[in-house]
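The values are calculated or read from the model by the stated rules, or taken from the named source; none is laboratory data. Quick caveat: nothing in here was measured; it's all calculated off a predicted structure. FYI the Cβ positions are ideal-geometry reconstructions off the backbone, even for glycines, and counts take in every protein chain you see. Keep in mind that these areas ignore ligands, DNA and RNA; they rest on the heavy atoms of the full protein, side chains included. Shrake-Rupley method; radii C 1.70, N 1.55, O 1.52, S 1.80 Å.
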Amino acid sequence: MTDTILEDWVAGTTNYRIRASVIAGVSVVYTIFVIVTLVMFIIVARNKRSGLEKRSVKLVFIQALGCYLAGVDGLVTAALNNWACFIRLWLFNIGFMLSLSAMFARAFHLMVVYKVHELTSKLSLRDPMQIINEMEAGVMQSAPILPKIVVHSSLVGHGVEHTEKQSASALRSKFSRTKLSSSEEQIRDMQQLKKYRRLLPYATDRMLITFILISLVLTMVLSLVINITNKQFAVRPVQSVCDFFWGFLPVTVIIIVYFFIVFPLILWRVWGNRDAYGIRHDLIICDTVGIAVLIVTLVWVNVLRETQQIWPGLSYVWIYAFFLHISSVFVPLLNAIKHNKSALEGNNQSPSSEAEMAPRVLLSLPNRRVNFNRMLDDPIEYNKFRTFAVSCFSSELTAFIEEYQVLKAKTIAILRPKSMRGRPSDSTICTLANPEPTKLPASPHATSPPKTSESAYTPTSVTTSILDTLTNNSKPTHTVSFPSQLFDKLKAVYWDYIDPNSYTSVNASPMVVRRIDEMMNNNDYNVTLFDELKDEVLFMLYSDVYTRYIRK
């Protein structure tokens with residue numbers, strides 16, 4: 001800033017009053033907008049279905065607070081000639097430091113959590129060709145979520161069997177082309193997963209807020225040093241005319257480091273990630289608008305010195321603050337409200353009655369629920385959905401339903417005779433209510449159990465429980481428990497997906513967790529042990545992740 005003020009723009013002139021009135025009006029509207037949107041953001045974030053809590057509400061609040069302080073500093077500086085220099089300095093330094101450090105913290109948090117979900121999901125996916133080979137060999141150690149190929153009895157002999165074989169052959173061909181990484185790549189992924197899991201404790205809100213507070217304290221110490229060493233920014237006597245360059249230089253250098261080094265590096269790291277929670281967009285807005293405003297402000301203040309007296313260059317900081325608030329608070333808030341409304345419209349059923357809803361699903365549920373169930377049974381579409389769930393930080397949900405399918409396959413493999421491990425049907429099912437299965441004709445030339453087609457080993461949908469699969473939807477005559485060989489597997493599923501301290505916990509409702517705890521503490525390993533949890537997980541996938549998925 002210059003040492004003198006143009007006569008037409010000194011306090012009391014018409015030009016000064018008009019400028020002050022316009023900026024005062026903008027400041028009032030801006031303040032109301034920030035307060036209302038931020039309060040609504042916090043309220044809507046309480047609904048877990050909104051997804052706002054995964055953006056880290058505390059960090060977003062700190063970032064919005066910093067943007068507001070910097071923005072108000074710019075507006076008041078433009079409106080008032082006698083705005084104290086030391087207040088300008090403190091608001092500028094604190095505002096930018098809070099907004100930039102909070103943006104860095106958010107980016108670091110989302111990057112680490114996303115990589116953990118991505119690598120966990122990638123390593124948990126088995127080679128489909130290996131699964132098919134095991135199924136053909138009768139091993140039946142695992143069961144992928146594959147499409148059910150249902151052949152109606154009236155269509156047999158009309159070319160449907162040939163179509164079924166072609167579908168299975170095409171499926172195998174696709175799996176061959178999309179085979180998973182080699183063992184070396186898996187080892188590298190495991191090493192990467194260990195690295196990112198070690199970073200998880202540092203990506204918590206508590207640690208990141210600590211980082212922000214440390215940055216804030218250092219900034220305040222720096223501002224205090226400037227107050228003491230530079231008379232223009234002294235608290236007493238108060239100065240209203242000050243040189244922008246020297247007083248604001250230290251924090252401006254930190255801003256330049258963030259804009260030109262830190263944020264571009266983070267943006268490069270997250271560029272390939274699926275951006276379900278907007279950090280890539282926020283980084284782009286923050287960096288591009290921030291750099292543009294920084295350049296304009298520096299040129300305006302230090303080169304266009306006469307124009308600076310008419311309209312101060314520091315006012316452009318408000319543009320940066322406004323755009324960043326729109327990107328980080330307002331747009332996510334609107335999307336969350338739309339998502340909640342869409343989820344409520346698509347779901348009018350209780351999540352606890354999934355098994356009871358299945359028989360009447362076509363009649364009582366919207367088409368969206370029918371499409372969701374079909375998607376689970378379509379390997380190609382499910383793989384896309386599975387990848388999208390990673391970007392929503394919900395890979396533990398898809399991992400759990402896959403583990404449920406594995407448990408189902410292993411339970412059936414143990415409790416049924418080998419000849420009965422095919423696709424459930426009235427003619428081949430071995431139910432516990434009728435333990436005498438229908439005999440399957442064996443090949444006269446076979447020296448081992450007959451080899452069935454791939455479709456014969458297609459498991460039932462994940463919406464079908466283990467008990468219903470075993471009994472072919474018939475009422476069992478006695479309690480059915482998991483075989484003792486799977487007890488360790490059941491405990492592993494509990495510690496991985498139910499224990500609240502697990503990184504991959506599905507965050508089930510306390511009531512469901514309590515029931516599972518009671519059953520396991522009483523050594524009650526009924527095959528319905530995880531059914532209620534499975535229904536709840538499917539409901540979470542349907543009402544939240546799938547609603548986002550179909551909107552993409």
Handout entry: Output for the range 301-314, where each listed residue is open to solvent by less than 50 Å² (accessible area, probe 1.4 Å) and either among the basic types (K, R) or more than 17 Å from V251 (Cα to Cα) (or both)
Key = Q308, Q309, P312
Exercise for the section: Can you run down the residue pairs with Cβ atoms below 7 Å, 6 or more apart or on separate chains, where the first is in the range 493-505 and among the acidic types (D, E) and the partner is surrounded by 12 or more Cβ atoms within 10 Å (Cβ to Cβ)? Expected result: D496/S502; D496/T504; D499/S505
Practice task
Determine if the range 462-476 includes at least one residue that is of a type in the set (A, V, I, L, M), in contact with an Asp or Glu (Cβ under 9 Å, 6 or more places away or on another chain), part of a helix (DSSP H, G or I) and over 26 Å from L200 (Cα atoms).
Solution key: yes
Problem - Scope the range 54-68; condition buried (at least 21 other Cβ atoms within 10 Å of the Cβ) and assigned to a helix (DSSP H, G or I); matching residues - result: R55, L59, V60, I62, Q63, A64, G66, C67, Y68
Exercise for the section: Report yes if some residue within the range 225-244 is without any contact (Cβ under 8 Å) to a residue 40 or more places away in the chain, touching a Phe, Trp or Tyr at 6+ places or on another chain (Cβ under 8 Å) and more than 29 Å from A45 (Cβ to Cβ); otherwise report no. Expected result: yes
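With the structure loaded, tell me whether I285 is at pLDDT 85 or above and either out of contact with any Leu (no Cβ under 7 Å at 6 or more places or on another chain) or not in a helix (DSSP H, G or I) (or both) or whether it fails that test.
Against the criterion (at pLDDT 85 or above and either out of contact with any Leu (no Cβ under 7 Å at 6 or more places or on another chain) or not in a helix (DSSP H, G or I) (or both)), I285 does not qualify.
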Problem - Failed item, numbered, when G74 is tested on (1) open to solvent by less than 10 Å² (accessible area, probe 1.4 Å); (2) at pLDDT 90 or above - result: (2)
Exercise for the section: For L98, indicate whether it is within 30 Å of I326 (Cβ to Cβ) and at pLDDT 50 or above. Expected result: yes
Problem - Answer from V506, V537 - the residue that is under 21 Å from T464 (Cα atoms) and assigned to a helix (DSSP H, G or I) - result: V537
Fill in the blank from the handout: The correct count of residues that are open to solvent by less than 40 Å² (accessible area, probe 1.4 Å) and among the hydrophobic types (A, V, I, L, M, F, W, C) in the range 210-257 is 10
Handout entry: Residue check for I266: open to solvent by 30 Å² or more (accessible area, probe 1.4 Å) and either modelled with pLDDT of 90 or more or touching a Cys at 6+ places or on another chain (Cβ under 7 Å) (or both)
Key = no
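Looking at the range 1-53 only, could you name the residues that are open to solvent by 90 Å² or more (accessible area, probe 1.4 Å), at pLDDT 85 or above and in a helix (DSSP H, G or I)?
Here is the first cut: in the range 1-53, the residues open to solvent by 90 Å² or more (accessible area, probe 1.4 Å) are 3-4, 7-8, 14, 17-18, 29, 32, 35, 43, 46, 48.
Going one step further and asking which of them are at pLDDT 85 or above, we end up with 18, 29, 32, 35, 43, 46.
Selection gives I18, V29, I32, I35, I43.
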